[in-house]
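The structure under discussion appears below in the form of structure tokens.
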Amino acid sequence: MAERENRRGRGRREEETPEFADRLVAINRVSKTVKGGKRFGFAALVVVGDQKGRVGFGKGKAKEVPEAIRKATEQAKRQMVRVPLKEGRTLHHDIDGRHGAGKVVMRTAPEGTGIIAGGPMRAVFEMLGVKDVVSKSIGSQNPYNMIRATINGLTKEQSPRSVAQRRGKKVADILPKRDEAPAAEAAEA
């Protein structure tokens, strides 16, 4: 059995993957009423990331909390997405994300701003490795929808390098010219 798992790549993959940090976002206790009383179960929502530009989320359900968290963590590791970060600390451009009734707005921020985000969004940014971002959740406050909307927005982000490659230009042609503005003002004076 173990040999079969290795051939598929499952056995080795756990050892090769870099260490991930995980954050428990929500635990929900659900009950089912049966003839003898109530049966309780737990649902966990976990965000996992390497804090270097990869993040994923997962949900797990079980009769015990630790088992639900373990299932959610495994699912999150399987569903990770890579997000390009500017200078390894913030987003390249402003983004809107949507999922259901949840809508989030994420904006780049200058160095030293920190993570300005509410609950579930903060967990995603911390696990992603973002240091400076300003964000706002509009609409649904359900943590599941907020996380899905955040990750939906993050998957839309594009780095200048990918845009330049797609358009067949150089990165310098795509980025705004910051040096010319002060030089032009100095010439006028």
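The values are calculated or read from the model by the stated rules, or taken from the named source; none is laboratory data. Quantities reported herein were computed from a predicted structural model and do not represent experimental measurements. Note: ideal-geometry Cβ built from the backbone for every residue, glycine included; neighbour counts use all protein chains shown.
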| message | Checking the structure you have, find out if any residue of segment 67-80 is hydroxyl-bearing (S, T, Y) and farther than 16 Å from L24 by Cβ. | response | no
| How many residues are modelled with pLDDT under 90 and of a type in the set (G, A, S) when one looks only at segment 44-62? | 1
| When you go through G53, G112, G118 one by one, which is the residue that is in the same structural domain as E157 (by TED's automatic domain parsing) and on the phi > 0 side of the Ramachandran plot? | G112
| field | Filter pass, A68 being among the small types (G, A, S) and touching a Ser or Thr at 6+ places or on another chain (Cβ under 6 Å) | value | no
| task | Give the residue that is farthest from K77 (Cα to Cα), with candidates limited to residues of segment 122-149 that are touching a residue at least 24 places away in the same chain (Cβ under 8 Å) and of a type in the set (D, E, K, R). | result | K136
| Single condition T155 does not satisfy, out of (1) farther than 17 Å from V46 by Cα; (2) modelled with pLDDT of 90 or more; (3) in a loop (DSSP other than H, G, I, E, B) | (3)
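So that you can scan it fast, the table gives a plain yes or no per residue for (1) outside the structural domain of N152 (by TED's automatic domain parsing); (2) assigned to a strand (DSSP E or B); (3) within 19 Å of A117 (Cβ to Cβ):
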position	(1), (2), (3)
V25	yes, yes, yes
R29	yes, yes, no
F40	yes, yes, no
A68	yes, no, no
K71	yes, no, no
Q75	yes, no, no
